[in-house]
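A short worksheet on the structure shown next.
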Amino acid sequence: MRKVSTPTLLLSICAVGIIMAVGATWWMGRTSILFVNASGRELRSLEVKFPGRTCRYEGLAPQAEVRCEGRADGDGSVEVSYRFEEGAEPGVSATVYVNPTLGWRGSMVLRPDGTIDATGAR
């Protein structure tokens, strides 16, 4: 078996620790939003936006679930806009704060009265 000097061994252990810490920080910063249409009506269009990412969906059936994922490129809020029918005024909600370091993971549920409940998974 080959002998390894103590400084080399310590440097190797520190390097592995730093790589693991950077990887964990990167992974924690991801934003993942599960959106559920619990309105009882079909959504003509849905748009979920947070800094650096926009997810657009068309024709979401009642009880449909969609996921919007990515990494925020700055601080800001999650904005959700939706329309039940063509030409209707969009419903808009901005309820959750995200940033590039911590991100946000959770679900948003559109209720029959047009309100959106947000629940974090952290």
**Prompt:** more than 16 Å from ARG111 (Cα to Cα), at pLDDT below 90, crowded, with 17+ Cβ neighbours inside 10 Å and not β-branched (Val, Ile, Thr): does that describe ALA72?
**Reply:** yes
Within segment 75-99, residues at pLDDT 85 or above, of a type in the set (Ser, Thr, Tyr) and touching a Leu at 6+ places or on another chain (Cβ under 9 Å) come out as SER81, TYR82
Over segment 77-92, the set of residues surrounded by 13 or more Cβ atoms within 10 Å (Cβ to Cβ) and assigned to a strand (DSSP E or B) is SER77, VAL78, GLU79, VAL80, SER81, TYR82, ARG83, GLY91
Cβ pairs under 7 Å, 6+ apart or interchain, first in segment 93-105 and over 17 Å from GLU47 (Cβ atoms), second acidic (Asp, Glu), ordered by first then second residue, are ASN99/ASP75; PRO100/ASP73
Of those in segment 96-116 that are in contact with a Ser or Thr (Cβ under 7 Å, 6 or more places away or on another chain) and assigned to a strand (DSSP E or B), the residue surrounded by the fewest Cβ atoms within 10 Å (Cβ to Cβ) is TYR97
Restricted to segment 100-122 and to residues being of a type in the set (Gly, Ala, Ser) and in contact with a Leu (Cβ under 9 Å, 6 or more places away or on another chain), the residue modelled with the lowest pLDDT is ALA121
Checked segment 31-59 for anything free of Cβ contacts under 8 Å to residues at least 12 places away in the same chain and closer than 16 Å to GLY103 by Cα; matches are THR54
ask   = Yes or no: THR115 more than 19 Å from SER32 (Cβ to Cβ) and of a type in the set (Ser, Thr, Tyr)?
value = yes
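The values are calculated or read from the model by the stated rules, or taken from the named source; none is laboratory data. The structure displayed is predicted, hence computed values, not measured ones. Because the Cβ atoms are built from the backbone with ideal geometry, glycine has one as well, and the counts that use them run over all protein chains shown.
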